[in-house]
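The values are calculated or read from the model by the stated rules, or taken from the named source; none is laboratory data. No experiment lies behind these values; they were computed from the predicted model shown. Note that we place each Cβ from the backbone using ideal geometry, even for glycine, and neighbour counts take in every protein chain shown.
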Amino acid sequence: LSDTIQSTALDVLGRARQPHQDWFDDNDAAINALLVKKNQLHEDCVDRFTAANKTAFFRSHRLVQQRMWEMQDAWMTYNAEEIQGYEDQNKWKNFFATTKAVNGPPVEGFAPLLSADGRTLLIEKMQILKRWAEHFTSVRNQPSTISDTVIDGLSETIRAVQ
């Protein structure tokens, strides 16, 4: 019964959309039209492989990539200008709302990290924090590679330059 209810609800309502806004959401119809044509040319190429079909498919493939890059660039430019406009006008509520819509909600949690020997994957928060502390301690506590005579001669060099 629960499977039937769940599948019926999914069919009727569809999946919940994320509040995260992507460049392809605004260009969905145009992208689908380009992909339908490219996929048809691919099917033609697979069904009847000829040099003309192959050329048409690769030309379409390049065109789809180019158009999608242009759409993405236009979307990014528009959003950057919109966010910059809010920042210029000190409309911070709109600034942060638009930034959050474009970038999505903040990601929670820690990324896994390898241990110092590189053999164990650390996934627990405390293990990861200890590994970072260990790393930065080893980075900070490196012996100096500059000789003491060079350091002693710095004041003379600085006076000579001035």
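Just for the range 68-113: of the residues that are among the polar types (S, T, N, Q) and under 30 Å from ILE128 (Cα atoms), which one is surrounded by the fewest Cβ atoms within 10 Å (Cβ to Cβ)?
ASN103
Go through the range 129-150 and give me each residue that's of a type in the set (D, E, K, R), closer than 20 Å to PHE110 by Cβ and out of contact with any strand residue (DSSP E or B) (no Cβ under 6 Å at 6 or more places or on another chain).
Those that are of a type in the set (D, E, K, R), closer than 20 Å to PHE110 by Cβ and out of contact with any strand residue (DSSP E or B) (no Cβ under 6 Å at 6 or more places or on another chain): LYS130, GLU134.
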(request) Might you let me know whether the range 85-102 holds any residue that is at positive phi, at pLDDT 85 or above and either in contact with a Ser or Thr (Cβ under 6 Å, 6 or more places away or on another chain) or not assigned by TED's automatic domain parsing to the domain that holds ALA30 (or both)? (result) no
